[in-house]
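Data first, discussion second: the structure below is written as structure tokens.
Quick note: the coordinates plus some simple rules give every number you see, no bench work behind them. Just so it is clear, the structure is predicted and the values come from calculations on it, not from any experiment. Cβ atoms come from the backbone with ideal geometry, glycine included; neighbour counts cover every protein chain shown.
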Amino acid sequence: MSEATRVLVLNSGSSSVKYQLIDMADGARLASGLVERIGESQGRIKHEPGRGPERDRYEPFPDHGAALGAVADQLAADGMGLDSHQLAAIGHRAVHGGTRFTEPTLLTDEVVDGLRELIPLAPLHNPANITGIEVARKLRPDLPQVAVFDTAFHATMPEFAARYAIDKATADAHQVRRYGFHGTSHQYVSRRTAELLGKSPEAVNVIVLHLGNGASASAVAGGRCVDTSMGLTPLEGLVMGTRSGDLDPAILLHLHRVGGMSVDEIDTLLNRRSGLIGLCGDNDMREIGRRMGEGDAEARLAFDIYIHRLRKYVGAYYAVLGRVDAIAFTAGVGENSAAVREAALTGLEALGIELDSVRNAVRGSTPRLISADSSRVAVAVVPTDEELEIAQQTFAVVRRTAG
Ligand code: ADP
């Protein structure tokens with residue numbers, strides 16, 4: 001019997017499940033897909049086998065159990081069902097690990113109870129993660145399953161970066177501190193950036209700019225995160241597609257006391273009606289670029305606010321790190337928008353940052369340098385791969401516990 005080397009990665013949201021089956025022997029993507037509109041009258045499963053045409057089916061998925069059952073059926077149809085002896089483990093993306101889970105963690109009943117205790121810290125995400133985990137554990141109780149936390153990579157932040165300057169007893173009572181998110185992406189991208197430079201992660205200091213619909217920056221010193229822009233929740237930091245990022249916290253009080261807005265209304269405002277969409281009505285950087293090309297002043301201002309915040313974080317993390325070897329752009333905007341990359345880093349020659357405009361304009365799907373040869377700081381575009389990182393971390397836990 002051949003050794004089990006495949007890992008199924010599951011990312012369970014409140015109404016969707018994303019999945020990928022990866023062979024750790026060679027990193028091959030054997031299948032991937034998405035179940036969406038779980039709990040609605042009509043759902044959809046989109047399955048992409050490693051080879052052959054995509055399969056799209058519409059049917060109701062009353063709950064996560066039905067959704068994962070459909071994923072298992074699709075994989076079985078490709079001869080890679082959940083009962084396959086080649087399946088080594090299931091890796092679950094888990095959003096919030098609090099201060100308790102700072103490493104990828106083998107799931108046991110006790111760990112799942114621990115995740116439940118963390119629900120108040122991530123009320124939108126953790127319940128869905130837990131449902132996915134429970135269903136998968138019922139489907140394959142004998143199979144090692146691992147939770148990989150979005151917050152874990154940031155657990156190395158020094159206390160002075162992780163704490164807010166508020167009353168200590170109040171902060172402690174409610175676990176108010178900076179946790180950071182997108183951790184698997186920051187970890188993967190900082191390591192790949194070191195590889196691109198031909199160095200070990202311990203030898204390089206990197207500023208990672210993860211710019212997707214959600215966006216965050218991190219300062220990574222010798223492979224360890226020392227600061228990141230998201231905080232207690234993924235709302236702090238950069239301007240995002242629909243989230244405000246940094247604000248004067250008294251704005252919330254003002255909107256409540258003077259504007260008469262409820263807590264829920266302010267929550268919706270800051271998470272869904274702010275950022276780029278709040279500023280100009282669009283959250284897709286492609287559309288904003290197109291509008292700027294037509295001379296649209298509102299789109300231009302939204303872009304400039306987005307860039308101004310980004311530059312402030314580059315400067316801040318430069319000072320936090322002291323020596324910067326590389327700046328890496330990743331995620332939808334970071335990987336695709338040459339205009340954002342250029343605007344973020346022009347005029348920083350005094351900091352040793354020189355972009356090469358021709359390299360920056362070249363599109364590609366592999367990690368690449370976009371700085372000039374004379375640039376003291378390397379600038380890179382490094383496509384993120386959170387699923388591969390989750391699979392690798394899951395597989396490492398399984399190997400460690402088996403050995
Ligand atoms: P998330 O995972 O947070 O949903 P992604 O990393 O997939 O987000 O990024 C999505 C965003 O990437 C889109 O909202 C869009 O703004 C941006 N994007 C995607 N393709 C391009 C492109 N070719 N040029 C500019 N921006 C792009």
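Would you list, by chain and number, the lysines whose Cα falls below 22 Å from the Cα of residue 138, excluding same-chain residues fewer than 8 positions away?
The reachable lysines, counting only those whose Cα sits under 22 Å from residue 138, are 18.
Taking N as the number of residues in segment 89-238, what is its Cα Rg relative to 2.2 N^0.38 Å?
1.09
How about segment 1-106: which chymotrypsin sites (Phe, Trp or Tyr not before Pro) there lie in a loop by DSSP and see at most 13 other Cβ atoms within 10 Å?
Sparse-neighbourhood loop chymotrypsin sites (Phe, Trp or Tyr not before Pro): none present.
Return the tail of the calculated pair distribution for the chain, meaning the percent of Cα-Cα pairs more than 36 Å apart.
27 percent
Once label points are set 7 Å from the Cα along Cα→Cβ at both residue 297 and residue 113, what is their separation, rounded to one decimal in nm?
Label at residue 297, label at residue 113, 6.2 nm between them.
Please compute the modelled spin-label separation between residue 246 and residue 51, points set 7 Å along Cα→Cβ, answer in nm with one decimal.
5.2 nm
In µm²/s, what is D for segment 216-374 at 25 °C and 0.890 mPa s, where D = kT/(6 pi eta Rh) by Stokes-Einstein and Rh is the Kirkwood radius from Cα pairs?
Here the translational diffusion coefficient equals 143 µm²/s.
Going by a ≥ b ≥ c, the root eigenvalues of the Cα gyration tensor, does segment 223-290 fall in the rounded group (a/c under 1.5), the prolate group (a/b larger than b/c) or the oblate group?
It is oblate, given that a/c is not under 1.5 and a/b is not larger than b/c.
If eta is 0.692 mPa s and T is 37 °C, what Stokes-Einstein diffusion coefficient results for segment 23-133, Kirkwood Rh from Cα pairs, in µm²/s?
208 µm²/s
Which whole number in µm²/s is D for segment 42-87 by Stokes-Einstein, with the Kirkwood Rh taken over Cα pairs at 37 °C and 0.692 mPa s? Show your work: numbers first, answer last.
Working: Rh = 11.2 Å.
For the chosen part, D equals 292 µm²/s.
Per residue, what volume in Å³ does the Cα convex hull of segment 16-73 take up?
66 Å³
Aspartates and glutamates within cross-link reach of residue 46: Cα-Cα under 13 Å, excluding same-chain residues under 8 positions apart?
Result set, ordered by chain and number: 36, 54, 56, 59, 73.
Could you please state, rounded to a whole Å, how far the C-alpha centre of segment 1-66 is from the C-alpha centre of segment 151-211?
Segment 1-66 and segment 151-211 have Cα centres separated by 29 Å.
At a 10 angstrom cut-off on C-beta neighbours, averaged per residue, how do the peptides 136-145, 375-384 rank from highest to lowest?
The packing order, highest mean first, is 375-384, 136-145.
For the chain, what are the DSSP H helices with axial Cα length of 18 Å or more and mean Kyte-Doolittle hydropathy of at least -0.5?
Numbers: long enough: 64-77 (20 Å, 0.83); 126-139 (20 Å, -0.07); 183-196 (19 Å, -1.01); 297-321 (36 Å, 0.30); 386-402 (24 Å, -0.18).
Membrane-span-like by this criterion, though nothing is claimed about a membrane: 64-77, 126-139, 297-321, 386-402.
Relative to the compact-globule scaling 2.2 N^0.38 Å, provide the ratio for the alpha-carbon radius of gyration of segment 305-397. Don't jump to the answer; show the numbers that get you there.
Details: Rg = 14.3 Å, N = 93, 2.2 N^0.38 = 12.3 Å.
The value comes to 1.16.
Sorted by packing (mean other beta-carbon atoms within 10 Å per residue), highest first, where do 252-258, 302-308, 204-210, 390-396 land?
Top of the packing list down: 204-210, 390-396, 302-308, 252-258.
Ignoring GluC sites (Glu not before Pro) that are buried or in helix or strand per DSSP, and keeping those with at most 11 other beta carbon atoms within 10 Å, what is the longest stretch of the chain between them?
Here the longest segment lacking exposed loop sites spans 55-293.
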